[in-house]
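Data block below; observations after.
Readers should treat all values here as calculations from the given coordinates under stated rules, not as data from a laboratory. Not measured: the values here are computed from a predicted model. Please note: Cβ atoms are built from the backbone with ideal geometry, for glycine as well, and neighbour counts cover all protein chains shown.
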Amino acid sequence: MAYLPVESVIRDQQIDYYRVLGETDQASDCTVFIEFMLNALAQALNTSIESALPPVAAGEMAVQLAGKTEHTLILALQQAPELTVAQLAAQIGVSRRTIERQLQKLQRLGVISRVGANKGGYWQVISSSV
């Protein structure tokens with residue numbers, strides 16, 4: 001959410017934004033406004049995700065969205081467990097933050113574990129299934 005341009009979302013939907021604010025004020029109920037904002041943020045998030053994905057053939061999109069980063073990350077760690085977050089991000093072609101989130105998720109699921117300190121340590125793949 002920190003990278004989502006909320007101001008742009010509101011500016012792009014300014015007429016609807018003010019309409020919904022008016023409805024919310026008249027009804028003294030913020031439900032309509034909350035639904036509007038959640039939908040607007042979801043649309044902006046989907047647009048950001050789509051623009052960040054590398055171009056792929058239409059038939060490959062579902063496969064890519066269904067855990068390709070996790071699978072690629074596990075394979076990379078099996079081949080080179082000493083890779084850093086920055087190296088993994090560059091190799092896989094995603095942001096450092098995405099790698100950090102995926103590493104945390106895989107650790108929670110018991111798929112990988114960290115052996116040693118952040119500097120000088122390495123990743124151990126416990127299970128290759130997510």
Computed label-point distance, nm, for sites residue 107 and residue 45 using a 7 Å Cα→Cβ extension: 2.3 nm
Potential extension, residue 23-residue 90 segment - 0.36 nm per residue separation minus Cα distance: 19.4 nm
Label-point separation, residue 14 to residue 80 (7 Å along Cα→Cβ), nm: 4.8 nm
Efficiency of FRET from Cβ geometry, residue 117 and residue 31, R₀ 30 Å, rounded to 0.05: 0.05
Table column - 3J(HN,Hα) (Hz), region 68-73, Karplus curve with 6.51, -1.76, 1.60, x for Gly and Pro: 4, 4, 4, 4, 5, 5
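Would you kindly state how much longer the chain becomes between residue 38 and residue 97 on full extension, computed as 0.36 nm times their sequence separation minus their alpha carbon distance, in nm to one decimal?
Values: separation 59, 0.36 × 59 = 21.24 nm, distance 2.28 nm.
Answer, rounded to one decimal: 19.0 nm.
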